[in-house]
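For reference, the structure is listed below as structure tokens.
The values are calculated or read from the model by the stated rules, or taken from the named source; none is laboratory data. Note that this is a predicted model, so its numbers are computed, not measured. In this analysis, Cβ positions are derived from the backbone assuming ideal geometry, glycine residues included, and neighbour counts consider all displayed protein chains.
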Amino acid sequence: MTQTKVVFEVLINNPNVKAGLDFLEEDNDYTTQEQIALTEIPAPTFQEQERGLEYQKRLIEYGLKNVEIDSQGNVFGVRPGTGNGPKLVVAGHLDTVFPMKTDVKAKLRDDRIYAPGIADDGRGLSSVLTLLRAIEKANIKTTGDIIFGATVGEEGLGDLNGVKALFENRKDIDGFISIEPGSPERITYLATGSRRYHVTYTGTGGHSFGDFGKPSAIHALGRAIAKISDIQTPKEPKTTFNVGTINGGTSVNTISAKAEMLIDMRSVSPDALKALEDKVIDILKMAADDENKRWETNDIQVDIKLVGDRPAGSQPGDSVIVQAALASAEALGFEPILDEPSSTDSNVPISLGVPAVTLGGGGKFGGCHTLEEYYDPTNAFYGVQKIFLTMLGLVGVENVSEPLLIKK
């Protein structure tokens, strides 16, 4: 048995830790009600303020100290440890992908709770709160500090701005756990990075017959898309591209004066992502040149604007935080699974070399990012029990176990 597994065998047999695990099971229904209450506060990306204030209030109510909302909108407080131990962040994210006027009222059908955002990341938010209550109720004294809270800007064009700000402002974080919907078996430890561009081609435009011979912004856009679609990317590390939206033109008989698109590029390898990005940018410029050469003008211009930058990164499977998550799942009787790379708040710490994982808060779910998103709370407590054990193993418990995380 490895030393890490020994730590979790000791923890799971400790009376206070057992009390915390029991509380998480008993708290399952209340956690679900809290999840519904938070989900029903609209929180589109960049508009998380109301939900953030409510979250701050609940963190304070459950005993957390120094709970602050930073300039970005992140909500965090500290549960101090007893000694000079490591600092671990445990966080969900406040924002959802849904516009402000979306109906987020929860509806119960067939033992499932339907509401946009109920799983992603309503479950993460409520998981953080029940974990805080559990550690308080069980009177567990950790060696290291646990920073509980929630970030903003995790979704879409939020571009992980909340967690980026967190790590820009704090240089003392030794480990990071992001909570998303998911089962207790699954562990995300690799970060899929992305670069996203808004690309606009412009020209003078004109009448399709009377001004024939003028270059078209749409034709330039088409040239770019055709060349991008022929790019060969490596299968390992998996590296992808996609033109997600296109817009432009006025009518069927108008030479387009403007055309635009959004491009998404992803990879778990920073080097592979950079190589793809360089190719795409060269193509975007070449497409404008080719359209101008075709009609012997310089009318077509291209504006290439970066709108998304999610850092890529990886860490070894034998790193302490990954092994802690694996061992805690096994201690609870689950067969752990190391997931494929993903894009979550953990991207930022992983890219900075800070140990980080994204763990599932438990329960079954589906329809994420759709109006039919649902959550089934049956036995959801297993997810938070796994996170509970993982965080205790990482920060250490006074007179029970030493921290697995290394303090900087």
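A few points about this structure:
- Filtering segment 132-171 to residues that are in contact (Cβ under 8 Å) with a residue 24 or more places away in the chain, of a type in the set (Asp, Glu) and under 25 Å from residue 95 (Cα atoms) leaves 154, 155, 159.
- Of the residues making up segment 198-214, one or more are modelled with pLDDT of 95 or more, hydrophobic (A, V, I, L, M, F, W, C), more than 29 Å from residue 77 (Cβ to Cβ) and part of a loop (DSSP other than H, G, I, E, B).
- Residue, surrounded by the fewest Cβ atoms within 10 Å (Cβ to Cβ), within segment 283-293, restricted to residues that are out of contact with any His (no Cβ under 8 Å at 6 or more places or on another chain) and touching a residue at least 24 places away in the same chain (Cβ under 8 Å): 286
- Filtered by the rule that a residue be of a type in the set (Val, Ile, Thr) and over 21 Å from the mean Cα position of the chain (by Cα), segment 96-140 gives 102, 113, 135, 140.
- Residue in segment 381-399 that is of a type in the set (Asp, Glu), buried (at least 17 other Cβ atoms within 10 Å of the Cβ) and part of a loop (DSSP other than H, G, I, E, B) present: no
- Within segment 261-280, residues that are closer than 14 Å to residue 199 by Cβ sit with their Cβ atoms under 9 Å from residues that are acidic (Asp, Glu) and in a helix (DSSP H, G or I), at 6+ positions apart or across chains, in these pairs: 265/277.
- Checking each residue in segment 194-214 for being under 19 Å from residue 304 (Cα atoms) and surrounded by 15 or more Cβ atoms within 10 Å (Cβ to Cβ) picks out 194, 195, 196, 197, 198, 199, 200, 201, 202, 203.
- Within segment 1-31, being outside any helix (DSSP H, G or I) and either within 17 Å of residue 142 (Cβ to Cβ) or in contact (Cβ under 8 Å) with a residue 24 or more places away in the chain (or both) holds for 2, 14, 27.
- Residues (part of a loop (DSSP other than H, G, I, E, B), closer than 22 Å to residue 353 by Cα and not β-branched (Val, Ile, Thr)) located in segment 249-276: 269
- Residue selected from segment 219-246 under the condition buried (at least 18 other Cβ atoms within 10 Å of the Cβ) and more than 15 Å from residue 283 (Cα to Cα), by the criterion nearest to the chain's Cα centre (by Cα): 239
- Scanning segment 13-40 for residues that are within 26 Å of the chain's Cα centre (by Cα), more than 20 Å from residue 184 (Cα to Cα) and either surrounded by fewer than 18 Cβ atoms within 10 Å (Cβ to Cβ) or among the aliphatic types (A, V, I, L, M) (or both) gives 33, 36, 37, 38, 40.
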